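Undergrad: Okay, here's the structure, questions in a sec.
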Amino acid sequence: MLRVENLIYDYPGHRALDDVSFEVEAGSITALVGPNGAGKSTLMRVCAALERPFAGRVLLAGANVHDNPRAAHRRMGFLPDFYGLYDELTVAQCLDYRAAAQGIARTERAAIVAMAAARLEIADRIDQRAGTLSRGLRQRLAIAQAILHDPAFLMLDEPASGLDPAARIGLSAVLRQLAGEGMTILVSSHILAELQDYSTHILMLKAGRVVEHASLERIAAEGGASRDIRLGFAANIPDLRRRLSAITELEVITCGSDEALVRLTDDPAIRAAILARLAAEGLGLTCFAPERRSLQDIYLERMRDRPPARPGLLTGPENGEAGT
Amino acid sequence: MMPELNPELRRNLWLQCGWQRLAGALVVGVTIAYALYAFGGFARVLFGANLAILVIFGMWGPRRAADSLAEEVGTGTWEMQRMSGLSAWSMVWGKLVGGTAFVWYCGVLAILAYVLAGQQLDFPPGRAGNFWLGVYLALIGAALAHTTAFAIVLLLMRKTVFYRRLTITLAQTIGFFVYVVVSGVESVRLLEQVDVAPRIGRIGESEATWPLIGAILGSFLFLWAIIAAYRLMRNELQYRAWPWVWLLFLAFAIFAAERVALWPGSSDLVGIVSVPLILMLIVYAAALADPRDPIRYRSGLIALAQCDLRRGLAETPWWLSGYVVFLAYCAVMVTTILTMPQDGLPRGLLYAMLRFDIFLSFENLAHSGVLLALFVLRDLLVLLCLSFGPWRHRADMTWLVYLALVYWPLAVILTFGGYLDYITLVLPVAGDNAWLNFAPIMLQVAVAAFAVRHFWRQATGHGASGLPQVGAETA
């Protein structure tokens with residue numbers, strides 16, 4: 001859907017995007033994450049044809065967005081981090097204006113406005129002035145404006161910032177719904193726990209370079225998450241570490257007197273044998289569960305350990321890295 | 001079926017022209033007009049209407065035109081607008097007309113009062129044409145002032161990356177200045193006394209009065225302002241464009257400067273000299289208006305090196321192409337002066353204008369043309385130096401202060417201190433000593449060029465070619 005090739009964007013004395021390449025799959029929700037100053041907002045603005053890159057190109061469905069920005073805007077939606085609404089207009093007027101600005105014919109506008117309002121669950125506020133809406137509802141109205149023309153690709157920059165927990169949950173549901181309807185979404189956020197709820201892929205940026213681009217499933221599997229097993233025991237066992245260390249196929253990561261975190265191999269037969277041996281040792285095993293690592297853990301690990309991708313390589317979400 | 005109204009215009013009309021506001025303005029206007037009539041008759045109404053036209057069109061209008069963009073930036077709706085499907089032209093006229101719709105409504109009410117009062121005063125039929133010329137000047141002045149303010153805000157947006165707020169005082173001030181120059185402020189008094197309404201004076205001894213020139217020039221400038229706003233809006237929407245419109249404008253400026261300079265009593269030489277001065281001012285204005293982003297400059301240089309003419313020319317700064325035209329014209333001027341007969345030199349005029357004996361030599365005048373080109377080059381290099389260096393965020397103001405200091409106090413001190421032989425050090429006025437004429441300015445140009453190169457490398461993290469390094473030194 002969106003293909004970014006060798007993107008470079010400079011500010012005087014500072015390179016914001018350094019040969020960034022990646023491809024976003026159609027129908028996916030890609031979480032764009034990275035520390036402050038990593039280049040997330042710049043990347044989104046360049047992809048939205050709001051800024052022109054120093055080098056490289058952005059292809060949306062095969063067309064370079066900078067060749068004809070207006071044509072690209074008809075196929076994409078973008079909600080910047082700092083957005084505003086026409087507070088003096090009603091919700092209906094805001095949506096109607098936006099629909100007209102997107103070139104939707106007058107005869108179709110009423111139906112499209114009603115549909116967008118229903119989609120974002122603001123139909124009951126249609127005659128209310130935008131300035132009187134709560135922050136969560138304003139966010140919904142802004143998203144409704146961004147998707148009125150039914151874009152194939154939607155970008156949201158920090159859409160959850162400033163929202164209360166209920167509004168955030170609502171936003172997650174909206175994004176899942178849009179993705180379910182076939183929209184491809186790129187969303188940047190610092191709230192990783194929520195990104196984990198609805199994202200299918202993750203794109204990590206660090207110092208203007210891609211650190212990681214993969215599906216969440218793959219990241220979870222690759223990071224050893226499924227090989228880390230948490231063990232629980234019915235009673236305190238003073239020499240628990242020694243007894244666990246005696247099992248050669250098992251690596252002890254942390255160990256207390258009644259619980260431990262160990263790493264096993266992926267081989268199911270060996271796992272079954274270890275489980276059987278732990279049961280046979282009479283340790284009172286009460287828990288043998290794979291340790292789930294949060295997206296935040298993975299993110300922090302990647303940011304700490306992994307060097308940015310070598311410039312000039314196009315990263316695909318499933319393939320890791322593929323030469324251009 | 002009714003044609004579709006421009007969405008931007010419609011939105012602005014929703015916001016600006018509610019029936020309460022329209023009715024309120026009408027009631028207030030009629031009340032004030034009646035009060036003026038009651039206290040001073042139609043002459044007072046004429047005076048009040050004239051003042052209202054000045055305030056509404058000259059002061060309020062430019063502010064509203066500038067605000068139609070600045071408010072969008074301030075409230076965060078501009079990025080959403082940039083993501084819409086509206087064409088650049090639709091955005092320009094929708095915002096310009098829509099943003100000032102209420103101003104025009106109030107202004108037209110004031111003009112109606114002005115016309116009605118004028119008719120009641122029985123202006124002589126022979127003067128009616130001038131009266132209507134005055135009305136036209138008010139309208140074209142307003143249109144030009146509003147469009148100028150609008151275009152200046154677009155220029156300011158171009159100079160600011162990731163803008164969050166804009167100040168519109170500059171746009172409003174220039175808009176007001178433009179309105180006053182084109183339309184004048186003294187219409188009532190002059191209507192009563194002489195043959196034209198908003199006249200601000202005659203030029204020389206010709207029959208051509210300023211109102212007519214102002215009307216013609218104002219109409220052309222309005223067209224150019226609209227074109228400029230459109231091109232700047234396209235630029236804002238990230239479209240690239242060839243610089244041919246800019247070159248056409250320079251051609252227009254040359255033509256207009258030559259025509260306006262040719263009043264009776266002047267010679268061809270005056271036209272020839274006035275054009276480089278106008279071009280110089282345009283180059284300086286273009287340099288101030290340019291973002292002077294070293295990254296874009298380098299991008300353009302690399303594109304040209306790669307023979308990507310479209311991208312290279314599109315990213316060529318206006319001041320640079322303006323300077324090239326200016327240089328070409330200077331060359332023409334110098335050649336013309338050197339090939340003119342000796343008696344073609346307008347001794348009296350130059351005496352009056354400059355009061356320098358050293359001007360009375362063809363060779364000196366030709367040298368002055370070369371010096372002018374070098375002085376402008378030095379000033380541009382100083383501006384680039386400021387723009388690429390650590391003073392980047394204050395470059396415009398620092399440069400204006402530099403110009404004021406370099407050209408004004410030193411020239412005054414040398415002139416009144418009796419050191420006219422050394423005036424060539426601070427002004428592009430050549431003396432008899434060729435070495436003294438050219439050596440100092442050449443040295444200044446060389447030093448400025450060296451400084452530009454130094455700061456350029458700091459700002460881009462590299463030289464004139466190739467890609468910059470990551471983590472380049474931040475200036």
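The values are calculated or read from the model by the stated rules, or taken from the named source; none is laboratory data. Keep in mind the model is a prediction, meaning the values are calculated, not measured. In this analysis, Cβ positions are derived from the backbone assuming ideal geometry, glycine residues included, and neighbour counts consider all displayed protein chains. With ligands, DNA and RNA removed, areas are computed over all heavy atoms of the protein, side chains included. Shrake-Rupley method; radii C 1.70, N 1.55, O 1.52, S 1.80 Å.
Undergrad: Out of the stretch A:43-71, which residues are in contact (Cβ under 8 Å) with a residue 60 or more places away in the chain and either more than 11 Å from every other protein chain (Cβ to nearest Cβ) or in contact with a Leu (Cβ under 8 Å, 6 or more places away or on another chain) (or both)?
TA: Answer for the stretch A:43-71, where residues must be in contact (Cβ under 8 Å) with a residue 60 or more places away in the chain and either more than 11 Å from every other protein chain (Cβ to nearest Cβ) or in contact with a Leu (Cβ under 8 Å, 6 or more places away or on another chain) (or both): A:L43, A:M44, A:C47, A:L60, A:A61.
Undergrad: Being touching a residue at least 60 places away in the same chain (Cβ under 8 Å), away from every other protein chain (no Cβ under 12 Å), in contact with a helix residue (DSSP H, G or I) (Cβ under 7 Å, 6 or more places away or on another chain) and open to solvent by less than 10 Å² (accessible area, probe 1.4 Å) is the requirement here; does A:V33 meet it?
TA: yes
Undergrad: Still on this structure: Mind checking whether some residue in the stretch B:407-416 is more than 24 Å from the chain's Cα centre (by Cα), modelled with pLDDT under 75 and exposed (fewer than 13 other Cβ atoms within 10 Å of the Cβ)?
TA: No, every residue in the stretch B:407-416 fails to be more than 24 Å from the chain's Cα centre (by Cα), modelled with pLDDT under 75 and exposed (fewer than 13 other Cβ atoms within 10 Å of the Cβ).
Undergrad: Report, by residue number, each residue of the stretch B:434-448 that is modelled with pLDDT under 85 and open to solvent by less than 70 Å² (accessible area, probe 1.4 Å).
TA: B:A434, B:L436, B:N437
Undergrad: Does the stretch B:10-17 contain any residue that is closer than 28 Å to B:V180 by Cβ, more than 14 Å from chain A (Cβ to nearest Cβ) and crowded, with 18+ Cβ neighbours inside 10 Å?
TA: Checked the stretch B:10-17: no residue is closer than 28 Å to B:V180 by Cβ, more than 14 Å from chain A (Cβ to nearest Cβ) and crowded, with 18+ Cβ neighbours inside 10 Å.
Undergrad: While we're here: Any chance you could count how many residues in the stretch A:284-301 are open to solvent by less than 60 Å² (accessible area, probe 1.4 Å), among the polar types (S, T, N, Q) and assigned to a strand (DSSP E or B)?
TA: 0
Per-residue answers, yes or no, for (1) modelled with pLDDT of 90 or more; (2) open to solvent by 10 Å² or more (accessible area, probe 1.4 Å); (3) outside any helix (DSSP H, G or I):
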{"site": "B:L154", "(1), (2), (3)": "yes, no, no"}
{"site": "B:M157", "(1), (2), (3)": "no, no, no"}
{"site": "B:L170", "(1), (2), (3)": "no, yes, no"}
{"site": "B:F177", "(1), (2), (3)": "yes, yes, no"}
{"site": "B:V181", "(1), (2), (3)": "no, yes, no"}
{"site": "B:A197", "(1), (2), (3)": "no, no, yes"}
{"site": "B:S219", "(1), (2), (3)": "yes, yes, no"}
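Undergrad: Residues in the stretch A:137-156: is at least one at pLDDT below 90, surrounded by fewer than 18 Cβ atoms within 10 Å (Cβ to Cβ) and touching a helix residue (DSSP H, G or I) at 6+ places or on another chain (Cβ under 7 Å)?
TA: no
Undergrad: Among the numbered criteria (1) under 19 Å from the mean Cα position of the chain (by Cα); (2) open to solvent by 40 Å² or more (accessible area, probe 1.4 Å), which single criterion is violated by A:R57?
TA: The number of the failed condition is (1).
Undergrad: Being over 28 Å from A:D87 (Cβ atoms) and touching a Ser or Thr at 6+ places or on another chain (Cβ under 9 Å) is the filter here, so list the residues in the stretch B:32-80 that pass it.
TA: Correct list: B:L46, B:N50, B:I53, B:L54, B:F57, B:G58.
Undergrad: Continuing with the same structure: Tell me whether the stretch A:119-134 contains one or more residues that are modelled with pLDDT of 90 or more, of a type in the set (D, E, K, R) and in contact with a Pro (Cβ under 9 Å, 6 or more places away or on another chain).
TA: Among the residues of the stretch A:119-134, not one is modelled with pLDDT of 90 or more, of a type in the set (D, E, K, R) and in contact with a Pro (Cβ under 9 Å, 6 or more places away or on another chain), which makes the answer no.
Undergrad: Condition first: facing chain B (nearest Cβ under 8 Å), within 20 Å of B:W93 (Cα to Cα) and open to solvent by less than 20 Å² (accessible area, probe 1.4 Å). Now tell me which residues in the stretch A:80-111 satisfy that.
TA: If the condition is that a residue be facing chain B (nearest Cβ under 8 Å), within 20 Å of B:W93 (Cα to Cα) and open to solvent by less than 20 Å² (accessible area, probe 1.4 Å), then A:Y97, A:R98, A:A100, A:A101, A:Q102 are the ones that fit.
Undergrad: Okay, next question. Here are some conditions: (1) open to solvent by 20 Å² or more (accessible area, probe 1.4 Å); (2) touching a strand residue (DSSP E or B) at 6+ places or on another chain (Cβ under 8 Å); (3) at the interface with chain B (Cβ under 9 Å from one of its Cβ atoms). A:P12 meets all but one. Which one does it not meet?
TA: If we test A:P12 against (1) open to solvent by 20 Å² or more (accessible area, probe 1.4 Å); (2) touching a strand residue (DSSP E or B) at 6+ places or on another chain (Cβ under 8 Å); (3) at the interface with chain B (Cβ under 9 Å from one of its Cβ atoms), just (2) comes out false.
So that you can scan it fast, the table gives a plain yes or no per residue for (1) buried (at least 17 other Cβ atoms within 10 Å of the Cβ); (2) within 25 Å of the chain's Cα centre (by Cα); (3) in contact (Cβ under 8 Å) with a residue 40 or more places away in the chain; (4) assigned to a helix (DSSP H, G or I):
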residue	(1), (2), (3), (4)
B:V27	no, no, no, yes
B:Y34	no, no, no, yes
B:V45	yes, no, yes, yes
B:G58	yes, yes, yes, yes
B:R64	yes, yes, yes, yes
B:L86	yes, no, yes, no
B:L96	yes, yes, yes, yes
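Undergrad: Taking A:D124 as the residue in question, decide whether it is over 27 Å from the mean Cα position of the chain (by Cα), open to solvent by 60 Å² or more (accessible area, probe 1.4 Å) and facing chain B (nearest Cβ under 8 Å).
TA: So A:D124 does not fit the description; no.
Undergrad: Determine, yes or no, whether A:A38 is more than 11 Å from chain B (Cβ to nearest Cβ) and out of contact with any strand residue (DSSP E or B) (no Cβ under 8 Å at 6 or more places or on another chain).
TA: no
Undergrad: Another question, if that's okay. Among the residues of the stretch A:15-28, what is the count of those that are crowded, with 22+ Cβ neighbours inside 10 Å and more than 14 Å from chain B (Cβ to nearest Cβ)?
TA: Total satisfying the criteria: 3.
Undergrad: Examine the stretch B:449-469 for a residue that is modelled with pLDDT under 80, touching a Ser or Thr at 6+ places or on another chain (Cβ under 6 Å) and away from chain A (no Cβ under 14 Å), and state whether such a residue exists.
TA: No: the stretch B:449-469 contains no residue that is modelled with pLDDT under 80, touching a Ser or Thr at 6+ places or on another chain (Cβ under 6 Å) and away from chain A (no Cβ under 14 Å).
Undergrad: Another question, if that's okay. Which of the residues spanning the stretch A:119-175 are over 26 Å from B:L86 (Cβ atoms) and not in a helix (DSSP H, G or I)?
TA: Listed by number, the residues that qualify are A:E121, A:S134, A:A160, A:S161, A:G162, A:L163, A:D164.
Undergrad: Also: Is it fair to say B:G431 is touching a residue at least 60 places away in the same chain (Cβ under 8 Å) and in a loop (DSSP other than H, G, I, E, B)?
TA: The answer is yes for B:G431.
Undergrad: Right, something else. Looking at the stretch B:71-84, which of its residues are in contact (Cβ under 8 Å) with a residue 40 or more places away in the chain and either among the charged types (D, E, K, R) or more than 13 Å from every other protein chain (Cβ to nearest Cβ) (or both)?
TA: B:R82, the sole residue that qualifies.
Undergrad: So how many residues does the stretch A:40-51 have that are surrounded by fewer than 24 Cβ atoms within 10 Å (Cβ to Cβ) and in contact with a Lys or Arg (Cβ under 8 Å, 6 or more places away or on another chain)?
TA: 2
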